[in-house]
Amino acid sequence: MYPFAFTKASNTAEALNAGRRGGRYIAGGTTLVDLMRETVERPETLVDISALPLREVTVTERGGLRIGALVRMAEAAAHAKVRTIYPVISEALELSASAQLRNMATIGGNIMQRTRCTYFRDVTAACNKREPGSGCAALHGFNRTHAILGTSDSCVATHPSDVAVAFAALEATVRLLGPDGARSIPFADFLLRPGSTPNREQSLRKGELITAVEIPALPRPLKSGYMKVRDRQSYEFALTSAAVALHVRGGVIREAKVAAGGVGTVPWKLPAVERHLIGERPSRALWAEAAKHAVDGARPLEHNRFKAELLKRTVERQLRIVGGTK
Amino acid sequence: MSPQPQAAVGAPLSRVDGRLKVTGKATYAAEHDIKGVVHAVIVDSTIGRGRITGIDTRAALAQPGVIKVISHLNAPRLAYRGTENDWPDSKQLRIFQDDKVLFRGQPVAVVVATTLEAAEHAAHLVKVRYDAEKTSTDMATAPAGEPVNYARGDADKAYESAAVQVDATYQQARAHHNAMEPHATIARWDGDQLTLWDKTQWPMGTQKDVAAVFGIPNDSVRVISPFVGGGFGNAIRAWPHIAIAAVAARETGRPVKLVLSRRQLYFGVGYRPSYEYRVRLGSDRRGRVSAMVQHLKSETSTYENFIEGVLNTGQMVYNAPHVRQDHRTVPLDVNTPIWMRGPGYATAAFAIESAMDELAHELDIDPIELRRHNEPEEDPSNGLPFSTRRLRECYTVGAREFGWNRRDPKPRSTRDGDWLIGTGMAVGTYDVIRNGAQARVRLNADGTALIQSATSDMGPGTYTSQSQVAADALGLTMRNVTFQLGDSTMPTAPPHGGSQTMINIGSAVQDGCDKVRKQAIKLAVEDKDSPLYGVDAEDIVVRAGRLHVSDNPARGETYRQLLTRNNRTHLEVLGSWTPGQARHSMYTYGAIFAEVAVDASLGLVRVRRMLGVFDAGRIISPKLADSQALGGMVGGIGAALLEHTVTDHRDGRIVNANLADYMVPVNADIPDLRGIFLDGGEDLEADPIGVKGLGEIVYIGVAPAIANAVFHATGRRVRELPITAEALL
């Protein structure tokens, strides 16, 4: 670990001040400290933002939810409103990490977490994300867990978050506060595909702070849920996952929100699947037909070819589970 | 002689060191509080093969707290006089002696600093330049060496003429032990005397290996290792970091602590080698196997040839008259493998037991019936009678307790929603390893006893089980018996591995305690002031520290009374056991049963329940044995479904050198597990206390039982471990 300075911000202004001077924000630290120990991350200054007043979960005026950036994963998962309005968020959180990590890690930190690509985390390997221009060892290396969607020749790393898949499905908004004031950006624009600059992962400006993630209101009744497919039954990142939310009225699907995880360089929204569902009546045949579109544009690698088929089946299964057809 | 009453042995006692462990008071290698200790961090090679052309240590040395950087450029030339261990040609402790790099991750330098943080950071700042050569780490493409062969009968001819043939090749991935405790050493020199506080399963082995490095007498090295946080075989041999710690301590004149990081544990210590194992079975239509032809290939390093007992199973588990085997190792640019739980035998079991399952399916015979048809009456590899071989009982008890007979033999015949359900079974065998051992027994005048042997306790419960043997042999309660281990100055002990500790140490403890008890009895019957004066020594037993006439408990006295009156502070004996010539074939056996569920569309395998029935001889400590059975099955689930060390053959890098990417089972993966040890299993041909060892047998056969259950569930035969979703989609 490289030496670093550590400061604590007691209010938002202090934090922004430190952030503007190049300080890195730290809350739960469950990703950042690991990466510092591997010398992947070498921040000169850490700014502890745990004392900031960003720990509330509130229902917005229109009936959506605002989850403060410093709400712990465990708190968000257990929150009554989250559980009742958006079970998909609770489920995604509870299928993440371990109980100990969920007690430490925050929502803001979760969507900032960096890839689990082992070449990224091994400083002796070529990695354009860690060291722009050095190449991508994963492209022709061991890439079983890597992405098949949204990849480029520069980077095939998967975004590891589960709850971000739910946020992507539900078309959440990220609220930011920076030296120039507050702004909101759609979740789909917050995380960046690698393109030729995989080192740029979020559309954050220097010193900007995530204050909350906002989930828009959706028509009710809304059924939603998250499914995660992995080798072992706990404490593993997804091979594939699916976040699904459906609003069915009069036997017809009126709203469909679907995204996939474990397969994309960012949480992968599936608009083609959604389009296929809206206006249709739930049926096994519909789920299968819609799920076929989950892999539109997929570009599998040597060791993750199976993910394309697995993703289709994962989406199909989760549509069936949420859609309730036997 | 009246037999000593059995009170502690056979009782389901909890660990005597359990409280120490759960309260954090058990001291593991890195936790010893050594005054003035400084910290060492190894710099690992970042190439897989080649030469070091330069090392720039300026930035590292400029860091506050850094004391020294040692590499081949400034390390002392070491004596390497050759060790007396199992590895006479040992090369792996040749640290910093030249510029050659033989595998990726090889130590090329070490940084010593006053704090761990400074040492870690400075290690990162050491700049090593290399002249890299192409790396060869792929067993599939690299040339193999000369084979080790075995043959009886004419297996090729018998196979060719067999009515039914199975020909299948099985692949098993490299696996790492991944014990919770990292390998760690603290080294301190006091003049010419070296003390090592080390994580080891063999204090005297490490002692000899390290003494050989420095060319000093064995007695000049003392190894202390009271607790080991899991070993699974990896701590049986001394690894480079131990020699590095010792060199660093000598060069800096300070005690040096060196703890391997989790990443370093994937190349700084050993692993179970990957295997390719082809089996050809020839059988008649009723399931009588006539021929077994086996071709094996496994990985080793370029500098040492690692061979383990992988061939035995295929020679003795079934009664085939015609057997041929050849085993080739493939030298690669990797570090040397080492034994890992059920070494060799677990590998053989996966191949042979899978092939037998394939044959059973081919013949449409129940897998247990097929095995019964091929059960030998004597060891077919050498004609020796079996000491005990109770596999038939394992089948009977296992089938009954598991509900095997309700099984529909047709693959893919049972479904539960999205899940396909299947059951499978497999056989395990493991050698009874007899090396002999010594144990010092001291009975104090206060009625307590201290027993010592230079063995280890990596988790199975040596402290507890040896105390149980001692308590009964001395006639003391458990409370008054203390067993100590983990110090090379204690009486001689073989490696704590290969399920041999109970056999060897237990027999030595029994011997020592019997002798001390008899000394005390002799003292009493010859002592005019003793109530036992004149009694036939053979008629005296000791119970709870009191000697008395066996059929007249009122007549007697305590050890304390006897020794105090005779002005004896203690009685002491060096117990020992040396095995005689083996006149029997001695193995442990097990039959493992597994039920799995396989998601029909997602390919996920989940073990639902498992049962192991074991013939492991006499069981000294049933609660510990049960824990071993559970742990063995958990390990087997890992081997079957999760564990796989991945090498990037482009440069020899271990890709998943951490516990997030190298997967072991978590609690959620562990279902209903049950182990049954057959009653009345005393095997007195094996050793005087009738035990056969059990740490390996509980693991062997688990993976093939699961693989066979996966076949039964899905109709898909997966011949490569671990079995992951992609194989079943």
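The values are calculated or read from the model by the stated rules, or taken from the named source; none is laboratory data. Owing to the predicted nature of the structure, the values given are computational and were not obtained by experimental measurement. All Cβ positions, glycine included, derive from the backbone under ideal geometry; neighbour counts span all protein chains shown. Accessible surface is based on the protein model in full, side chains and every heavy atom, while ligands, DNA and RNA are left aside. Shrake-Rupley method; radii C 1.70, N 1.55, O 1.52, S 1.80 Å.
Selection within segment B:665-675: residues that are of a type in the set (D, E, K, R) and more than 8 Å from chain A (Cβ to nearest Cβ). The member of this set that is surrounded by the fewest Cβ atoms within 10 Å (Cβ to Cβ) is B:Asp672. In segment B:604-654, of all residues being open to solvent by 20 Å² or more (accessible area, probe 1.4 Å), closer than 22 Å to B:Arg719 by Cα and among the β-branched types (Val, Ile, Thr), the one that is nearest to the other protein chains (Cβ to nearest Cβ) corresponds to B:Thr647. Is it true that some residue in segment B:547-554 is free of Cβ contacts under 8 Å to residues at least 12 places away in the same chain, outside any helix (DSSP H, G or I) and of a type in the set (Ser, Thr, Tyr)? Taking every residue of segment B:547-554 in turn, none turns out to be free of Cβ contacts under 8 Å to residues at least 12 places away in the same chain, outside any helix (DSSP H, G or I) and of a type in the set (Ser, Thr, Tyr). Being touching a residue at least 12 places away in the same chain (Cβ under 8 Å), open to solvent by less than 40 Å² (accessible area, probe 1.4 Å) and either among the charged types (D, E, K, R) or in contact with a helix residue (DSSP H, G or I) (Cβ under 9 Å, 6 or more places away or on another chain) (or both): is that true of B:Arg392 here? No; evaluated as a whole, the condition is false for this residue.
Got at least one residue in segment A:167-189 being touching a residue at least 24 places away in the same chain (Cβ under 8 Å), buried (at least 18 other Cβ atoms within 10 Å of the Cβ), within 13 Å of chain B (Cβ to nearest Cβ) and not aliphatic (A, V, I, L, M)? No, because not a single residue in segment A:167-189 is touching a residue at least 24 places away in the same chain (Cβ under 8 Å), buried (at least 18 other Cβ atoms within 10 Å of the Cβ), within 13 Å of chain B (Cβ to nearest Cβ) and not aliphatic (A, V, I, L, M).
Let's see how each residue does on (1) over 13 Å from the mean Cα position of the chain (by Cα); (2) polar (S, T, N, Q); (3) open to solvent by 40 Å² or more (accessible area, probe 1.4 Å):
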{"position": "A:Asn103", "(1), (2), (3)": "yes, yes, yes"}
{"position": "A:Gly108", "(1), (2), (3)": "no, no, no"}
{"position": "A:Met112", "(1), (2), (3)": "no, no, yes"}
{"position": "A:Thr118", "(1), (2), (3)": "yes, yes, no"}
{"position": "A:Val123", "(1), (2), (3)": "yes, no, yes"}
{"position": "A:Lys129", "(1), (2), (3)": "yes, no, no"}
{"position": "A:Gly135", "(1), (2), (3)": "yes, no, no"}
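Under 9 Å by Cβ, and 6 or more places apart or on different chains, what pairs join a residue from segment A:143-156 that is away from chain B (no Cβ under 14 Å) and farther than 20 Å from A:Ala259 by Cα with one that is of a type in the set (Val, Ile, Thr) and outside any loop (DSSP other than H, G, I, E, B)? Matching pairs, first to second residue: none at all. Tell me, which residue of segment B:585-603 that is in a strand (DSSP E or B) and over 20 Å from the mean Cα position of the chain (by Cα) is farthest from the other protein chains (Cβ to nearest Cβ)? Looking at the filtered set, the residue picked out is B:Ser585.
Applying the set (1) closer than 23 Å to B:Val310 by Cα; (2) of a type outside the set (S, T, N, Q); (3) in a helix (DSSP H, G or I); (4) under 29 Å from the mean Cα position of the chain (by Cα) to B:Glu358 leaves exactly one unmet item: (4). Determine if segment B:657-664 includes at least one residue that is within 30 Å of B:Phe267 (Cβ to Cβ), within 9 Å of another protein chain (Cβ to nearest Cβ) and open to solvent by less than 10 Å² (accessible area, probe 1.4 Å). Yes - at least one qualifying residue is present in segment B:657-664.
When B:Thr492, B:Thr429, B:Thr423 are checked against the criterion of being within 30 Å of B:Val310 (Cα to Cα), open to solvent by 40 Å² or more (accessible area, probe 1.4 Å) and not in a helix (DSSP H, G or I), B:Thr492 stands alone in meeting it. Kindly evaluate B:Arg568 against the criterion of being part of a loop (DSSP other than H, G, I, E, B), of a type in the set (Lys, Arg) and touching a residue at least 40 places away in the same chain (Cβ under 8 Å). Criteria met by B:Arg568. Here's a check for you: in segment B:141-153, which residue that is in a loop (DSSP other than H, G, I, E, B) and open to solvent by less than 80 Å² (accessible area, probe 1.4 Å) is farthest from B:Asn382 (Cα to Cα)? Selected residue: B:Ala142.
Within segment B:684-729, being among the charged types (D, E, K, R) and open to solvent by 10 Å² or more (accessible area, probe 1.4 Å) holds for B:Glu685, B:Glu696, B:Arg716, B:Arg717, B:Arg719, B:Glu720, B:Glu726.
Can you tell me which residues in segment A:18-40 are in a helix (DSSP H, G or I), open to solvent by 50 Å² or more (accessible area, probe 1.4 Å) and touching a strand residue (DSSP E or B) at 6+ places or on another chain (Cβ under 9 Å)? Those that are in a helix (DSSP H, G or I), open to solvent by 50 Å² or more (accessible area, probe 1.4 Å) and touching a strand residue (DSSP E or B) at 6+ places or on another chain (Cβ under 9 Å): A:Arg20, A:Val33. Could you list, in sequence order, all residues of segment B:647-660 that are assigned to a loop (DSSP other than H, G, I, E, B) and in contact (Cβ under 8 Å) with a residue 12 or more places away in the chain? Those that are assigned to a loop (DSSP other than H, G, I, E, B) and in contact (Cβ under 8 Å) with a residue 12 or more places away in the chain: B:His649, B:Arg650, B:Asp651, B:Gly652, B:Asn656, B:Ala657, B:Asn658, B:Leu659.
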